Every structure is written in structure tokens, then in C-alpha cells.
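The values are calculated or read from the model by the stated rules, or taken from the named source; none is laboratory data. Just so you know, these numbers come straight off a predicted model, no measurement behind them. Methodologically, a virtual Cβ is constructed for each residue, glycine included, from the backbone with ideal geometry; neighbour enumeration extends over all protein chains shown. What goes into the accessible areas is simple: the full protein's heavy atoms, side chains included, and nothing from ligands, DNA or RNA. Shrake-Rupley method; radii C 1.70, N 1.55, O 1.52, S 1.80 Å.
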Amino acid sequence: MKTQVAIIGAGPSGLLLSQLLHRRGIASVVLEKRSRAHVMGRIRAGVLEQGMVDLLREAGVAARLEREALIHEGIDIAFAGRRRRIDLAGLTGGAHVTIYGQTEVTKDLFEARDAMEGIVIDEAEAVTPQGVDTAAPFVTFTKDGRTHCVECDFVAGCDGYHGVSRTVIPPAMLKVFERVYPLGWLGLLSETPPIADELIYVSHERGFALCSLRSPTRSRYYLQCRTDEDVTQWPDDRFWAELKRRLPEDVAGHLVMGPAIEKSVAPLRSVVAEPLRHGRLFLAGDAAHIVPPTGAKGLNLAASDIHYLSQGLIAYYQNGDEAGLTGYSQRALRRIWKAERFSWWMTNLLHTFPDDDGFTRGIRRAELDYLVNSKAAMTVLAENYVGLPYE
Ligand code: RFL
Ligand code: PHB
């Protein structure tokens, strides 16, 4: 098989890249390890920045989003038994975020790839990028017991945190920065109306909680838990009771409980790999960086990476201009580190940590109190939350 760009991973990064390239006449083959049903069944992020929505529109996959998504112009921060609203739109000159599940984004992308007869090969085993530091890279994989080879000009490593792409870069050429938090999030999805119209981020002495949603009839809740928390120890009743204890009283009474459709634990970590390019291999999305979910930045960073990378590839194929590809890593990393900083900051602000002492708790209380009473501080939060510009 021969193509222009071999894309490893059919998550949002890989599918979006292949779709954007196709619309500019650039061929790609997407190789995905898992089955399509598995990829589409994953429950992950739900808050999209405007930059990502614009990119989905540019990719021609925003029609359903435009019909079904919810626009949010604020979020609530709750602590000490009270809720305070951060007026995202008012503080940023009208910006908002869009509520639309990653599951739906992925579904729309798969449908668009199918409609354009894009090649997405799922259940591809032993996917291995090779010769990426030569002029003729290729990717080998096995499917149904047979070995295949995709010859290409470039390889895009969009295969997430546990993917193979990052591992083919010699360790001496790659720096990996990491912060592991001693916390996890226990998430629950339910077919129940959300507790409120907007998201509520809760700082509580028993641990952080988040009330989010996917639609007017579908809720997503999270509880701070241990990294090694066993989901089976959390029957629905226990989850709901713990959530109620962490919510301010005025809102707890509005909680509508129901059976969980999905429940899972995710550990919190921050990771950045540098650089994002090795020869003809480019890393994008979770393959290159991880953020703790507190700032809702993981999926949005994947989108900005793909914006920069697709621009670089399009300029290369249309005009032979390599500047975008040469500058990709540096350009993307500037935005990545800012989202890393914001996610790290929000995580520290809103969670409790096992080694917290009285001083740390006092500082955190003061920072929350300052935040919701200072327009300057709320503006800093708001402009990061809605998403920094694609520079
Ligand atoms: P993805 O979505 O992980 O997709 C990578 C794809 O690559 C495949 N793959 C391989 N394919 C071929 N060969 C290999 N060797 C391969 N290894 C892996 C995988 O099967 C997969 O299909 O990365 P992408 O596209 O960069 O997208 C990034 C986002 O998915 C991610 O940033 C966010 O979902 C992060 N994230 C969350 N972000 C939020 O903003 N809010 C959330 O609530 C939230 N929850 C989550 C999350 C990430 C999670 N992971 C990765 C553990 C919950 C979880 C469980
Ligand atoms: C979600 O709805 O899954 C969600 C929302 C906001 C976050 C993290 C996750 O910060």
C-alpha cells in the first residue's frame, strides 16, 4: 500500500487529521489497533473550545454538532458550601464553550471518513513505524494474520498515551516531563437530567467533585478518588451518596439519580514530550502530552496540534513549503505548555491532596476566595477555560 501520510490511531486526532487532509486532496491511511466499536464506545471529554469547533467545521463534520450541541457561557465554582458563577462570556468579550461529547465527535468523524471513502483500518496489530529518519518511511502491521506495509512520505503518531509512535523515537532525542498526582477521577454517566444547566466544579474537604453533562437528558459526574480505586467498590448508591455530600445544599436537592451507563476510574497526570518531530514522524494529541482533566483541555489540545500539523502538511503538498512542518513542534508546544499550566493550576486549586497540611488548606481557601471576588483573577480563569487563541 502507498499513501502520502500514514496516520497511527483513529481517535479524534487521527481521524480529524485524515479528514482535513482529504479535503485538500492529500491521501492518508489510518491504522487503528482496536475495533471501531471499541473506539466509538469510549466515554471521555465533553467540553469543546471554539477553536476546536471551528476546526470541525473546516473539516466538514460539524452539522450534527450545530444541531445538538449546547452552548455554555459560564461555569460554577463551589466551595465552603456556596456556589459562585464565573461569567465566561462576560469576562472574555463573548466567548463560550460547547458541550458535545468526544464520543459524538468520533462518530461524526468516522461517518465523514466513510462517506469520503477514506481508508481507516481497525484491528490492525503490531503497527510499527519504520525508517522515519530516512526519506522513505513505512509502517508495517498485521491484520487477519497477514503482514502489510504502508509506504508513505510522513507518519503522524496520533496513537494516544500508550501508543507505539513515541517509543520509536530514540530516548536520547526525546525529553519527557511528567507530574503524577496521587489522585484519580471516578466518572459516572447516567441517563438523567443534569443537576444544573452549567458545569459545577466543587472543592470540598472530602475531595473534588464535578457535575457535567452531555445533553439535557444525560449527565456526567466525577468524584475525586484514589488512583487505585476499585470501581466495583462503588455501586451506584454509594456514588450518588458521596456526590451529594460534596455538593452545596442548595444544589444537592436538585440531583436526579439513576442507573449508571458507564463508570470508570482515570488517574491524573501531566506529561509533555519534546520535540514533537523526529525525522518524518510527527506526534500529536495524547501521544505527545497528557493533562489532568480538570481544565477540560485534553481533547482541545489534540485539536490545536492537528490544526498546526495539517497546516504544515497542506503547505508542504500545495507549495513545497516546509516551514510549517519545521516549525510544528515549537508552535504546538507553546500552546501545549500553557494548557498544561492551566490544568495543573486548576487541579491544585480544586483537589485535596494526601499530604495537605493546615497551611496548604489555608492558602487554597484564600485563593478560591480571592478568585471569585476578583474580576482580574476570574478573567485569567475564563480566558484559559474558553481556550487560548491558535497562534
Ligand atoms: P486517543 O483518543 O487516545 O486515540 C488514540 C488512538 O490510538 C489507538 N492506538 C493505536 N493504534 C494503532 N497502533 C497502536 N500501537 C496504538 N496504540 C493506541 C487507540 O486505540 C486510540 O483509538 O488520543 P487522541 O486522538 O490524541 O485524543 C485525545 C483525547 O482522547 C484525550 O485527550 C481526552 O479524551 C483526554 N481525556 C479527557 N479529556 C478531557 O478534556 N475531559 C475528560 O473528561 C477526559 N476524560 C480522557 C478522559 C482520557 C482518558 N484516557 C486516555 C485514559 C478519560 C480517559 C479514560
Ligand atoms: C466531562 O464532561 O467529561 C468533563 C467536563 C469538564 C472537565 C472534565 C470532564 O473539566
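Here are the numbers for this structure:
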| item | result |
| --- | --- |
| Residue in region 313-331 that is in the same structural domain as P137 (by TED's automatic domain parsing), within 18 Å of the chain's Cα centre (by Cα), touching a residue at least 12 places away in the same chain (Cβ under 8 Å) and open to solvent by 20 Å² or more (accessible area, probe 1.4 Å) present | no |
| Condition met for I261 (among the aliphatic types (A, V, I, L, M), surrounded by fewer than 23 Cβ atoms within 10 Å (Cβ to Cβ) and either in contact (Cβ under 8 Å) with a residue 24 or more places away in the chain or within 16 Å of ligand 2 (Cβ to nearest atom) (or both)) | yes |
| Unique residue being exposed (fewer than 12 other Cβ atoms within 10 Å of the Cβ), of a type outside the set (S, T, Y) and not in a strand (DSSP E or B) when the list is A126, A95, A136 | A136 |
| Residue ID - nearest to A156 (Cα to Cα), chosen from residues in region 297-318 that are hydroxyl-bearing (S, T, Y) and in contact with a Lys or Arg (Cβ under 6 Å, 6 or more places away or on another chain) | Y308 |
| Sole residue being in contact with a Pro (Cβ under 7 Å, 6 or more places away or on another chain), more than 28 Å from V155 (Cβ to Cβ) and crowded, with 18+ Cβ neighbours inside 10 Å, chosen from T294, T347 | T347 |
| Given (1) open to solvent by less than 20 Å² (accessible area, probe 1.4 Å); (2) in contact (Cβ under 8 Å) with a residue 40 or more places away in the chain, index of the condition M378 fails | (1) |
| Subset of region 160-187 [within 10 Å of ligand 1 (Cβ to nearest atom), aromatic (F, W, Y) and assigned to a strand (DSSP E or B)] | W185 |
| Test for L213: is it assigned to a strand (DSSP E or B), in contact with a helix residue (DSSP H, G or I) (Cβ under 6 Å, 6 or more places away or on another chain) and farther than 24 Å from W337 by Cβ | no |
| Meets criteria (assigned by TED's automatic domain parsing to the domain that holds G25 and under 18 Å from G295 (Cα atoms)) for G60 | no |
| Output for region 189-217, where each listed residue is within 14 Å of ligand 1 (Cβ to nearest atom) and farther than 23 Å from P354 by Cβ | L189, L199, C211, S212, L213, R214 |
| Residues within region 22-49 that are closer than 29 Å to V386 by Cα, more than 16 Å from ligand 2 (Cβ to nearest atom) and open to solvent by 40 Å² or more (accessible area, probe 1.4 Å), tallied | 4 |
| Leading residue by the ranking (surrounded by the fewest Cβ atoms within 10 Å (Cβ to Cβ)) among those in region 235-258 that are part of a helix (DSSP H, G or I) and in contact with a helix residue (DSSP H, G or I) (Cβ under 6 Å, 6 or more places away or on another chain) | A252 |
